[in-house]
Amino acid sequence: MPKKASKIGRLSLTEMKNLINKKVGMSVAHDLTKDNPTEVKQWIPTGSRYLDSIICRGQKAGIPVGKITEIAGLEGAGKSWMASQVAVSAQKMDMDVVYFDSESAIDPGYLASLGVDLKRCLYVQATSVEMVLETIEELLGSNDGQMLFIWDSLALTPAVSDVEGDFNPQSSMAVKARILAKGMSKLTVPIANAQSTFLVLNQLKTNIASNPAQRIEVMTNPWVTPGGKAMHYAYSLRIWLTGRKSKSSFIMDGDDRIGYQVQVKLEKSRFGTTGRRCSFNILFTGQSPGIQDEESWLNALMGSENIVQSGAWYTLLYKDGSSEKFQSKTWTKKLQNDKFRQRVLELMDDEIVKKYDQKMEKVTN
């Protein structure tokens, strides 16, 4: 029988922490009052200030560093466009970007036009789920720098058994879900400790009731995402993108459709904001492709007592009691004025971030 270690008296928490970390061979025990991997210290901007403002209660945020995030959407809802915006922001924060692509649809020229530095973006063809997870594990163990891993997309990446097997879906049922369950259990802690970020793009699929008892659930939640339940637990943040089918949601240039309005819902948030919503436009082409960020701010502030609407005219109220009139068509031009812009940004923080925090404070108390 192995000899039990003799007791040497009561250990301090610091001594226990050092003992555990020495036994494991890595830092897994932490003092929660000091620097620890559970706390999100950095956020990667999404390209939409409106979205960044609703992600974390009490502060302007973005994609959480050290965590796993899902951006899921309907076809053409803007998942890859949003991922490109996140990549640009990550590179500005001195992070390297590793882009796993299962769809072979990335256009380097378009990425560059959005601001992505191709010299700091490693493109990897996602040949299998196992390959993606194993590559991330290898890079986390070999690179000291912060990394952003983008997986586009989970839904279309096959398992090895899918590639080597037949086309019968029954022959590999639930294989991908089991692989992901094991992969997330292996990667969650290393991602947090490396202060890297895993952004998973996924597809929203129609939630079909298999029996009458599920019909009510389908009515309240019409969408599901592939990958299994393990992914739902691993995600710290789930951003779902949908859009209206009406023509009014399309952005037209003559007879050409150049963009559309995206509806955003936080399906899950460990930052106290599950269920919050926002919307913005995404342009595919033109002089400024990508998220129309500033254009969405007016919609975000509708209902504020500091922006009063009267017909086609709006009035912005300043703290000193002065005011300024404008129309929606001159909104972005008005934002070029420093005083006007600063007041709008103050209202974005007050109306979207602080008031929600105060509201939730009252609810919890």
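Throughout, read-outs are computed from the coordinates displayed, never taken from laboratory work. Since the structure is predicted, the reported quantities are computational estimates derived from the model, not experimental observations. Virtual Cβ from ideal backbone geometry, glycine too; neighbours counted across all protein chains shown.
List of remarks:
- Under 12 Å, Cβ to Cβ, from THR188 - net charge with Lys/Arg +1 and Asp/Glu -1: +2
- Base-10 log of normalised Debye intensity for the range 1-146 (one unit scatterer per alpha-carbon) at q = 0.13, 0.17, 0.21 Å⁻¹: -0.77, -1.12, -1.48
- Evaluating 6.51 cos²θ - 1.76 cosθ + 1.60 at θ = phi - 60° for every residue in the range 285-300, the Karplus couplings come out as 10, x, 6, 10, x, x, 6, 7, 6, 4, 4, 7, 5, 5, 4, 5 Hz, glycine and proline recorded as x.
- Annotation for LEU32 and GLU15: the two label points, set 7 Å from Cα along the Cα-Cβ direction, are 2.3 nm apart.
- Note on the chain: Cα Rg divided by 2.2 N^0.38 Å, N the number of residues, gives 1.13.
- As a rough guide to protection, the peptides 24-32, 175-183 ranked by mean Cβ packing within 10 Å, highest first, stand as 175-183, 24-32.
- With the highest mean first, a sort of the peptides 265-271, 351-357 on other beta-carbon atoms found within 10 angstrom per residue produces 265-271, 351-357.
- Potential extension, LYS354-ASN193 segment - 0.36 nm per residue separation minus Cα distance: 54.9 nm
- Global geometry of the range 1-87, whether rounded, prolate or oblate, following the gyration tensor of its Cα atoms and the 1.5 cut on a/c: prolate
- Sum of -39500 (n - 2.57) over DSSP H runs of 4+, divided by residues of the chain (222 nm, nearest 500): -9500 deg cm²/dmol
- For q = 0.18, 0.26 Å⁻¹, Debye-computed log10 I/I(0) when each Cα of the range 301-365 counts as one equal scatterer: -0.69, -1.18
- Dipole in debye (nearest 20) - the range 22-298, about Cα centre, beta carbon charges: Lys, Arg +1; Asp, Glu -1: 1220
- Least to most buried among THR69, THR315 (fewest other Cβ within 10 Å first): THR315, THR69
- The protection proxy used here, the mean number of other Cβ atoms lying within 10 Å of each residue, ranks peptides 148-157, 33-42, 85-94 as follows, highest first: 148-157, 85-94, 33-42.
- Calculated P(r) tail over 22 Å for the range 62-164, as whole % of Cα pairs: 29
- In summary, the lysines within cross-link reach of LYS325, defined as a Cα separation below 23 angstrom excluding same-chain residues under 8 places away, comprise LYS333, LYS334, LYS339.
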